[in-house]
Structures are given as C-alpha cells and as structure tokens.
Amino acid sequence: MRVLIILNDAPYGGERTYNGLRLALAMLKADPAVQMTAFLLGDAVLAAKAGQKTPEGYYNLELMLKRLLLAKGAVLLCGTCLAARGLADAELLVGAQHSTMDALASETAVADRVVVF
C-alpha cells in the first residue's frame, strides 16, 4: 500500500506535524511493506532542518524524519516553501528531497491513501 502524508504546520508550537509523523512511523511499524511518503509544505519544511537541538524530553522532528528515511520512506519538501523561508538544501537533513507541487500531484495520484495534517 502506498501512503502519502501531507504535513502543513510548523514543527514546534503545535502538534500536527508531530502527530502526522507518529502516524507514519506507526504504520511502518505495523506493516514494513507500506510505501510511505511524507510531503512537507509551508512551515512544515522547517521540520527537516538539520541540527535541531530540542530540550531534554521534548520530541525532535528531525530524528523522527530520520527514522522514516531509515524505514525506506521518502521525505519530500516543497521547493517554493523552502525558498520562502530561506532554507538551502545544505541545511536539510540527509535524505530529504527538494521537491515540487507537480511531484506532490503525482504522489497524490498514485497513493492508495492520502492523509493531511
């Protein structure tokens, strides 16, 4: 099964992006054959910034995205959203891919399930 999770909110301050990644990781744990793609839009692209240092005991979205990548998932980032926030590819976690709205349209068309947070 192909699953696309679209994340829109800032990585910290709210919990939608966190909960979207929790769901993605739980689905991969339940069925490692799931083909998982997370597409980050808007402020959610900040979750893929490398070198995040969160307080002790606080969730870290960079680490969660790394777990998704280690499970053979894909992390795609809206290029327009990255540019608007001044984020360069060199600032992103290894494995996260600069992407486009056309790629999101393609991923949506082939996904069996699309979940939006």
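The candidates S106, S99, arranged from most to least accessible area with a 1.4 Å probe in the full protein assembly, appear as S106, S99. The Cβ shell under 13 Å around V34 holds other residues with a net charge of +2, Lys and Arg each +1, Asp and Glu each -1. When a 1.4 Å probe is rolled over the protein heavy atoms, the share of accessible surface on the chain that falls to carbon and sulfur comes to 55 percent. Mean separation of Cα pairs under 8 Å and 6 or more residues apart, divided by the residue count, gives the chain a relative contact order of 37 percent. For K72, a cut-off of 15 angstrom between C-alpha atoms picks up these aspartates and glutamates, skipping any fewer than 8 places away in its own chain: D31. Simple spin-label estimate for E91 and E15 gives 2.8 nm between the two label positions (7 Å along the Cα-to-Cβ direction from each Cα).
Residues of the range 19-117: accessible area per residue at 1.4 Å, in Å²? For the range 19-117, the per-residue accessible area is 54 Å². If R0 equals 35 Å, the separation of the Cβ atoms of A103 and K53 corresponds to a calculated FRET efficiency of about 0.70.
By the helix-only formula, in which each DSSP H run with n ≥ 4 contributes -39500 (n - 2.57) and the sum is divided by residues, the chain has a 222 nm mean residue ellipticity of -10500 deg cm²/dmol.
Rounded to the nearest 0.05, the FRET efficiency derived from the C-beta distance between A83 and D112 at R0 = 30 Å is 0.45. Under a Cβ-Cβ cut-off of 15 Å, what is the net charge of the residues other than D112 that fall near it, where Lys and Arg count +1 and Asp and Glu count -1? For residues surrounding D112, the net value is 0.
The separation of the range 99-117 from the range 1-41, counted between C-alpha centres, amounts to 13 Å. Calculated on the alpha-carbon coordinates, the convex hull of the chain measures out at 91 cubic angstrom per residue. How about K29: which aspartates and glutamates have a C-alpha closer than 19 Å to its C-alpha, ignoring those fewer than 8 places off in the same chain? Candidates past the 8-residue exclusion: E62, D112.
The values are calculated or read from the model by the stated rules, or taken from the named source; none is laboratory data. The shown structure was predicted, so the numbers you read here are calculated from the model rather than taken from an experiment. We place every Cβ from the backbone using ideal geometry, glycine too, and count neighbours over all the protein chains shown. Surface accessibility is based on the protein's heavy atoms, side chains included, excluding ligands, DNA and RNA. Shrake-Rupley method; radii C 1.70, N 1.55, O 1.52, S 1.80 Å.
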